[in-house]
1. Quick one: residue 31 ticks every box in (1) free of Cβ contacts under 8 Å to residues at least 40 places away in the same chain; (2) in contact with a strand residue (DSSP E or B) (Cβ under 8 Å, 6 or more places away or on another chain) bar one, so which box is it?
2. What are the pairs, 6+ residues apart or on separate chains, where a residue within the stretch 276-291 that is closer than 16 Å to residue 114 by Cα has its Cβ under 7 Å from a residue that is within 12 Å of the ligand (Cβ to nearest atom) and part of a loop (DSSP other than H, G, I, E, B)?
3. Go through the stretch 252-275 and report how many residues are surrounded by 14 or more Cβ atoms within 10 Å (Cβ to Cβ) and either without any contact (Cβ under 8 Å) to a residue 24 or more places away in the chain or part of a loop (DSSP other than H, G, I, E, B) (or both).
4. Looking at 221, 205, which is the one that is more than 15 Å from the chain's Cα centre (by Cα), surrounded by fewer than 20 Cβ atoms within 10 Å (Cβ to Cβ) and not in a helix (DSSP H, G or I)?
5. Within the stretch 135-175, how many residues are within 16 Å of the ligand (Cβ to nearest atom) and assigned to a loop (DSSP other than H, G, I, E, B)?
6. Do we have residue 234 as away from the ligand (no atom under 16 Å from the Cβ), modelled with pLDDT of 95 or more and assigned to a loop (DSSP other than H, G, I, E, B) here?
Ligand code: F1P
């Protein structure tokens with residue numbers, strides 16, 4: 001399938017992204033107040049980028065689902081960053097149109113010959129990471145890798161950890177599990193949301209996602225044997241013990257969290273196969289949503 005080929009190419013596309021992130025770019029400068037918008041997977045990458053940019057001390061960075069963007073109120077943003085693989089998603093185009101001429105815009109996209117590029121002041125194109133599959137894997141992770149590099153992070157460990165995640169066996173218990181809760185904190189909360197979406201899109205799985213510590217405030221009540229609680233990043237004190245008391249399987253790998261998302265993509269693919277589904281053509285979805 002395309003999804004399989006695309007997800008296996010991530011170490012190479014991440015390396016290329018690291019090179020692009022290391023050279024000067026039109027992305028917002030440190031100190032600017034930034035809104036980041038996207039839909040679906042691209043919204044979750046916006047969440048991760050926003051948390052990383054704030055953690056890097058670069059200033060206020062607010063992520064929005066493009067359909068729920070800040071347009072009613074002037075919040076004083078200095079720049080808008082849009083993320084869209086297709087460059088055609090209607091809600092993203094609406095935000096870019098609405099702020100045109102008032103707030104500088106930069107769009108991260110796959111194909112520079114698209115409406116989002118035409119309406120943006122600047123673009124960062126990642127054509128080498130564009131995809132055939134409806135279900136996004138490498139475009140999203142490659143865009144986030146470029147952004148991590150642009151924030152000054154060394155992403156070489158993420159690349160080697162992704163290679164390891166691609167070589168590791170996919171646990172049968174994950175392929176057969178009844179339900180998954182994905183957890184994260186800071187920038188890895190966006191990864192948890194993306195992991196949950198990937199499993200729904202590719203394999204019709206029942207998945208949820210929460211900020212790690214929120215999980216104990218209610219959602220843990222459905223954790224049980226045969227279900228999996230999967231945390232991205234280091235475990236907060238006591239969480240593992242709480243999950244294990246329910247009989248659910250607790251998963252937390254010491255690798256780079258974005259590389260751990262690659263492993264979830266593989267679980268989604270294996271579950272799709274086990275259910276006889278075509279992961280490239282998920283039920284009820286199109287490559288880009290046009291209203
Ligand atoms: C965003 C998106 C995808 C989703 C689906 C519909 O697309 O929501 O994340 O998987 O295919 O579109 P884009 O704006 O990044 O092209």
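1. The failed condition is (2).
2. From residues that are closer than 16 Å to residue 114 by Cα, the pairs are 287/86; 287/134; 288/86; 288/88; 288/89; 289/39; 289/89; 290/88.
3. Going through the stretch 252-275 one residue at a time, the tally reaches 5.
4. Only one candidate qualifies: 205.
5. Residues meeting the conditions: 3.
6. no
The values are calculated or read from the model by the stated rules, or taken from the named source; none is laboratory data. Only a predicted model underlies this, so the values are computations on that prediction, with no experimental measurement involved. Please note: Cβ atoms are built from the backbone with ideal geometry, for glycine as well, and neighbour counts cover all protein chains shown.
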